[in-house]
Amino acid sequence: MFRQYIVFVLSLTFMVNAAADPLYPGGAASGKIVSGKNVYSQHSANLPIDEVLNFNVGNGFFRKKWIPAPASTNTSDGLGPLFNAVSCQSCHVKDGRGLPPNENTMDQPNNRGFVIQLENENQESNVVKGDPVYGSQFQDQAVPGGRNEGFVLVKYVAIPMELKGEESVELRYPKYSLVNLGFGPLFQRVRLRPRVAPPMIGLGLLESVPEDEILSFADEQDSNEDGISGKPNWAYSLSEQETKLGRFGWKANSPTIKDQTAVAFSADLGLSTSLLRVPHGDCTESQTDCLNAAHGSELGSLEISDEILDVVVFYSSNLAVPRSRTEGAETYQLGAGLFEDVGCSGCHRPSMKTGGESSLPVQYRNQIIWPYSDLLLHDMGEGLSDSGSEGIINKHEWRTQPLWGIGLAKEVHSDIGFLHDGRAQTIQEAILWHDGEAKSSRENYQKLSSNQRQELLDFLHSI
Amino acid sequence: MSNLKFIKIILILISCLAFSLTSYSEQTSGNETELNGDIQQDGHGYAAQIMSELSFVGDYLGLAIDSYGDAFLKARKLKFETVNFLNNPSDESLETVRESWIVAQQSYGLTEVFRFGNPEIDEWEGRVNAWPIDESLIDYVDVSDSLSDNVNIIKNREFLAYGKRIDAKQITPEFLRSLNELDGVESNVSTGYHAIEFLLWGQDLNGSAHGPGFRRHTDYDLGSCTNGNCQRRRDYLESAVDLLLADIKEMLKGLDSGVINNRILLSSPEQVLVSAFQGMVMLSSAELAGERIRLALLSNDPEETHNCFSDTTHLAVASNHQAVKNQYLAGNKVSVAKFVEASNHSLHAEILQDFLNTDALIEELLSRATKGETMDILIASSNESGNQLLTRLISSLVKQSRSLQKAAKSLNLTI
């Protein structure tokens, strides 16, 4: 009750400038529910009521379990032949993150929203080309009667880190091995790119920020000499059919939500869309039994029709960022101050504004939002880079992960982890992995008193 | 406490008491919208308005209690028939318990208008009516639907779910509750109407051809057990029904004297009116037109029809629409209709006309179903006239939802 009162008073305080209110990280689209396992599953609060129908239908497809072809219901089939998951939601658990792999043995698969992408290091451009046999992603499941690509084994190595006033904390460094390979050895120069599924909240808002606004954060040559560069990732958009600013994915590879959705349907589920029309997903020419297996695309139709793709994209765009949960203005100010002093805000840029064009959905127009990200690529150092040989252009670079709603991640599922492969079990561990351009900020954090560290963590939990 | 506040609370209590002494007729029709005379005619102007607004709060709560009360009684009948069936499994006793399930679920459908606008109820709802359901969690399914991750609680006394070993030696209500939405997967539905539906009918393997699931009574017969594990299947069915009954009872208590009761009674009449509008608008459009009909139509997938095992989705649709009408018309009580009619008579007439249009389409849905053309057949991509009927029904439900939104706006309510 008291808490609600505070929030109410704060909202009144901010009414003078209602448009810029960190209590509403998604602006007027922020979700009302602020706790519980469904907290990432609400629609934008300002979504027109008539559109909730589409949101619900999209939700239906998002949680739908696809089945292998041929099946009695020929419109729900087409899964695979190779796949990592049977539904969107099995990776984006409760619309949140995928689960990081556990240290496992051969009878414990690690497929709750964790995949290993394969990248051929002989590439020239930034278009991902994978293993000549295994394709761009390692699928550990296949339809009945088919051969899967193998099994992912994970081991964690403990790495000690210093923190002022504390003995030391341990981080865990993951080592992956691909075993029981179904199609012979991997190509020699293939790099493993471990990835957990990212959370789904606030995506439509991020898509509505004008390109120019994001580019204004970039400083590729570090001309202001703050040690932070910030580099846009220009990527080809399947939906717009032109090179555009990448915004989504751990390396900002996808310019639009629709691009990302089509890629996920293809690589993770083996389902074809009008953007990626191959019904066999990530099968390569060497995987002939996979190419010859039944698929759900009879008579040249798509496994995922445009209507279904659109409604899944609509759903994915409209999951709300929950309202922030700050206890009081003072706590918030303290944490926000530390966030800036330590240097976090150099990349985790607190706020930006969405565009006002009438072509944008009304719920996203002209909102001041608080994603705590610049959506740009930054060098994060060797510790986080994908394993493989040296000299690759972007292996240290990661898109600044938006932090909004991060404090609720463990309410959505207690076993989630942070960072691209979920290795960090707490937000503090994620901070301690920061290196490269973020090295000095991380060192600043290590030097804080334990009280200050707690204040900063409380802030991160509240936003 | 100010005097005015005190008087307000007393009035609310009186109106609640008055309501609980009268019984509510579910099947209300358009011409029964006359006002609750003794309250309305008592006074003029402000006092009369206050009083009718206050009794609206009580009547809203009363309708909720009556609706969940009826759902409870029907679930108790389901329990009774389940015990009969398990004592003497036969074709006849299976048919009887199936009938009681249909009646129970229809009654539950009338409560669903209270889900929206009442966060406690929506939170609770997943326990009793979660859908869609991955039936391979519960029992055997056709081999063609078998992927390696099928759990099959009835078959396995111990299983591995998402890397965690789960002990399933004893199937009890508590155990089933602990498994609902197992590890954050929403289709892992272990409890509620649809879990029970699957246990009674089994998987519908007819695709978009006529006929529901085909489960034989011998699946529960210890003497001549089919498909194995009959004792565990019996334990599951009984536990699931017990849990359903306990869950509805808990909701009823909450409405009668618990947290929800307190919250609603302490809300302003405007707030409760907003909840009522949210219930009608969201159930008509987002839920019924969207998740229950459009999703099935767009996927052409029989598994996406709401009652996919029993092929009784048409009855669930009819019941939900009736729930919207019940909320609007509220029998001879103080109704939402009264406020709308007073503020904008033509809008009220438009809403009634919208209801009639939906009624006619639902009539057609029901009549086609009795001739064997159930929802799973209507949604088949080759069934042009079936698809058309559903498209018209979706439009009609969306239209009534829009009229209701306009009505809320005309009363200066933000929903």
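Taken over region A:66-213, the convex hull of the Cα atoms encloses 214 Å³ per residue. Of the two radii for region A:108-168, the radius of gyration is 1.19 times the Kirkwood radius, both from the alpha carbons; that is the Rg over Rh value. Extension gain for residue B:178-residue B:142 works out to 10.4 nm (0.36 nm per residue, less the C-alpha to C-alpha distance).
In percent, rounded to a whole number, the relative contact order of chain B is 21, using alpha-carbon pairs under 8 Å and six or more apart. Checking Cβ-Cβ separations below 4.7 Å across chain A identifies A:88, A:91, A:344, A:347 as cysteines lacking any candidate disulfide partner. Could you please state, rounded to a whole Å, how far the C-alpha centre of region B:239-278 is from the C-alpha centre of region B:113-185? Cα centres, region B:239-278 to region B:113-185: 25 Å.
Using C-alpha pairs under 8 Å with a sequence gap of at least 6, the mean separation divided by the residue count of chain A gives a relative contact order of 22 percent. One equal scatterer on each Cα of region B:229-330, no solvent, Debye formula: the resulting log10 I(q)/I(0) at q = 0.11, 0.23 Å⁻¹ is -0.54, -1.16. Extent along the principal axes, Cα only, for region A:163-275: 55, 49, 30 Å, with the longest axis given first. If you wrap region B:294-415 in the convex hull of its Cα atoms and look at it from every side, the mean projected area works out to 8.2 nm².
Using the alpha-carbon positions of region B:59-106, Rg (one decimal) and Dmax (whole number) come out as 13.2, 44 Å.
Enter the angle in degrees (range 0 to 90, nearest 10) between the Cα long axis of helix A:329-342 and the first principal axis of the Cα atoms of chain A, meaning the one along which they spread out most. Taking Cα atoms only, the helix is inclined about 70 degrees. If R0 is taken as 56 Å, the Cβ-Cβ distance between residue B:99 and residue A:189 corresponds to a FRET efficiency of 0.25. Taking the average, over residues, of other Cβ atoms within 10 Å as the packing measure, peptides B:202-214, B:158-170, B:129-141 rank B:129-141, B:202-214, B:158-170 from highest down. Using the Cβ-Cβ distance between residue B:342 and residue B:265 with R0 set to 22 Å, the FRET efficiency works out to roughly 0.40. Ranked for footprinting exposure by Cβ neighbours inside 10 Å, fewest first, A:283, A:290 give A:283, A:290. Taking the protein assembly as shown on its own, what percent of its Cα-Cα pair distances exceed 44 Å? Of the Cα pairs, 33 percent sit more than 44 Å apart. Ordering B:234, A:189, B:292 from the fewest to the most neighbouring beta carbons within 10 Å gives A:189, B:234, B:292.
Placing +1 on the Cβ of every Lys and Arg and -1 on the Cβ of every Asp and Glu, with no other charges, gives chain B a dipole of roughly 800 debye about its Cα centre.
Ordering B:200, B:266 from the fewest to the most neighbouring beta carbons within 10 Å gives B:266, B:200. With point charges of +1 on the Cβ of Lys and Arg and -1 on the Cβ of Asp and Glu, referenced to the Cα centre of the protein assembly as shown, which listed residue (B:286, B:199, B:57) lies farthest in the positive direction of the dipole? Result: B:57.
Inside 10 Å of the C-beta atoms of B:158-164, what's the mean count of C-beta atoms belonging to other chains? So the per-residue partner count for this stretch is 4.
Of all DSSP beta bridges confined to chain A, the antiparallel ones make up roughly 90%. For the listed residue pairs A:32/B:164; A:94/A:447; A:258/A:395; A:32/A:64, the alpha carbons are over 30 angstrom apart in A:32/B:164; A:94/A:447.
Helix B:384-410: angle to the longest alpha-carbon principal axis of chain B, degrees 0 to 90, nearest 10? Tilt relative to chain B: about 30 degrees.
What you get for region A:165-240, charging only the Cβ of Lys and Arg (+1) and of Asp and Glu (-1), is a dipole of about 960 debye around the Cα centre. Counting only the Cα atoms, chain B fills a convex hull of 147 Å³ per residue. Kindly provide log₁₀ I(q)/I(0) values, in the same order as q = 0.14, 0.17, 0.18, 0.19 Å⁻¹, from the Debye equation applied to equal alpha-carbon scatterers of region A:286-378. Results for region A:286-378 at q = 0.14, 0.17, 0.18, 0.19 Å⁻¹ read -0.79, -0.95, -1.01, -1.07. With coordinates expressed along the principal axes, the C-alpha atoms belonging to chain A extend over 63, 53, 42 Å, beginning with the largest.
Around the Cα centre of chain A, unit charges on the Cβ atoms of Lys, Arg, Asp and Glu (plus for the first two, minus for the last two) sum to a dipole of about 1100 debye. Per the Kirkwood formula applied to alpha carbons, region A:349-448 shows a radius of gyration over Rh ratio, Rg over Rh, of 1.04.
Considering helices alone, the calculated mean residue ellipticity of chain A at 222 nm is -7500 deg cm²/dmol, with DSSP H runs of length four and up weighted by -39500 (n - 2.57) and normalised per residue.
Neighbouring Cβ atoms from other chains, within 10 Å of the Cβ of residues in B:297-308, number 4 on average.
Computed from Cα positions, the angle between helix B:269-282 and the longest principal axis of chain B comes to roughly 40 degrees. Other residues whose C-beta falls under 12 angstrom from the C-beta of residue B:264 contribute a net charge of -2, scoring Lys and Arg +1 and Asp and Glu -1.
Ellipticity at 222 nm from helices only: DSSP H runs of n ≥ 4 in chain B, each -39500 (n - 2.57), divided by the residue count, give -19500 deg cm²/dmol. Along its three principal directions, the equivalent ellipsoid of region B:369-415 from the Cα gyration tensor extends over semi-axes of 33, 10, 7 Å, largest first.
Taking every residue in B:279-289 and counting other chain Cβ atoms within 10 Å of its Cβ, the average works out to 3.
Every number in this text was worked out from the coordinates using simple rules, so none of it is lab data. Owing to the predicted nature of the structure, the values given are computational and were not obtained by experimental measurement. So basically every Cβ, Gly included, is an ideal-geometry build from the backbone, and we count neighbours across all protein chains shown.
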